[in-house]
């Protein structure tokens, strides 16, 4: 599933249209939330109200990250282990730490 | 410092120009990061690479939220306590939980 | 509420009997959980089962810490702010970070 | 590596003596920390000092849990995937969430 370009070393992974459009929709929504928070700061809105929006965006991003990580484990990681490549386990542990 | 509009009930807080422009700059950068993640998904980029960017955005947002919360405690919360209004303490505890 | 011994510099705080016995009961229970996890390791119990117990102890300790921190904010911090001593706010921010 | 008793359904896993004694030593230390926190509460010690000890115990427990989880992924999970048993991935995701 994973591919690595021999020219540029950029790694890619083919995802289903459904998975892809699910991620893109959520990222569009998160981008809108960030723009909304920016406007709240410009409008001198009260700290609490801004902080509730920031925490909502943090949750939305973390939840997207965890879903992507789950799908990564159920596809790429299984492939890697079947190919006796165990280094992706350490990367996953590191990513879990960063996302938590 | 806190004001509440009698018409619309929207609460505001006057921040220094420096604080305001610091937040706005960082939010602009985060918005750009989210747009970059969206492009990575569109380009079928590998899970790990996307996840590192997501975790960087989560960190940037959390760090902004924590700075705002700290400033909130050192200004609005102190005012509230001086006015014997202790309800903001519960709100702060709740916000810390959401941001962690 | 806070006292500092001039001889040894150890700071103390008088808590209600109810609050104190609540904390002690929970700490006794957590101590028992840790002993139970130790026995599970000795008995070669399966990773998942040990990890569920570890995460339960982590939750119990964090929840105790957050309750203590809340009570600290509602008593000592309010006293400090009334005495124009704002340094405890930074300590609280630091403790929230460690406990989250 | 994983075994399940047919009588009692209790699952076990053989670990190296070194790994086992590492966990047991750390759990003994954590048990001592909890007992120390209990004594601090009995002695009416100041909130901050108790909270620093609680957060140290939380860190010690989480770090032990993460090490156990890493070892679990590098042994049991690899075995499971080699046996086409993918359900342990969901359990691991759940455990990461609980431990973070």
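The values are calculated or read from the model by the stated rules, or taken from the named source; none is laboratory data. What you see is a predicted model; the values in this text were computed from it and never measured. Positions of Cβ are generated from backbone atoms using ideal geometry, with glycine treated the same way; all protein chains shown enter the neighbour counts.
Taking the conditions exactly as written (in a helix (DSSP H, G or I), in contact with a helix residue (DSSP H, G or I) (Cβ under 9 Å, 6 or more places away or on another chain) and either facing another protein chain (nearest Cβ under 8 Å) or touching a residue at least 12 places away in the same chain (Cβ under 8 Å) (or both)), does residue A:38 satisfy them or not? For residue A:38, the condition - in a helix (DSSP H, G or I), in contact with a helix residue (DSSP H, G or I) (Cβ under 9 Å, 6 or more places away or on another chain) and either facing another protein chain (nearest Cβ under 8 Å) or touching a residue at least 12 places away in the same chain (Cβ under 8 Å) (or both) - is met. Kindly check whether there is at least one residue in the stretch B:53-65 that is outside any helix (DSSP H, G or I) and away from chain C (no Cβ under 14 Å). For the stretch B:53-65, residues outside any helix (DSSP H, G or I) and away from chain C (no Cβ under 14 Å): absent.
Within the stretch C:78-87, track down each residue that is part of a helix (DSSP H, G or I), surrounded by 13 or more Cβ atoms within 10 Å (Cβ to Cβ) and within 8 Å of another protein chain (Cβ to nearest Cβ). Across the stretch C:78-87, the qualifying residues are C:78, C:81.
Residue D:48 fulfils the conditions (1) outside any helix (DSSP H, G or I); (2) under 20 Å from residue C:5 (Cα atoms) except for a single criterion, (1).
Go through the stretch D:1-29 and give me each residue that's assigned to a loop (DSSP other than H, G, I, E, B) and modelled with pLDDT under 90. Across the stretch D:1-29, the qualifying residues are D:1, D:5, D:6, D:7, D:8, D:9. I'd like to check something: does the stretch C:4-19 contain any residue that is more than 7 Å from every other protein chain (Cβ to nearest Cβ) and buried (at least 17 other Cβ atoms within 10 Å of the Cβ)? Checking the stretch C:4-19: not a single residue is more than 7 Å from every other protein chain (Cβ to nearest Cβ) and buried (at least 17 other Cβ atoms within 10 Å of the Cβ). Is it the case that some residue within the stretch A:28-42 is surrounded by 13 or more Cβ atoms within 10 Å (Cβ to Cβ) and touching a strand residue (DSSP E or B) at 6+ places or on another chain (Cβ under 6 Å)? So far as the stretch A:28-42 goes, no, none of its residues is surrounded by 13 or more Cβ atoms within 10 Å (Cβ to Cβ) and touching a strand residue (DSSP E or B) at 6+ places or on another chain (Cβ under 6 Å). The listed residues are D:64, D:99, D:68, D:95, and the only one of them that is within 16 Å of residue A:92 (Cα to Cα), touching a residue at least 40 places away in the same chain (Cβ under 8 Å) and crowded, with 18+ Cβ neighbours inside 10 Å turns out to be D:68.
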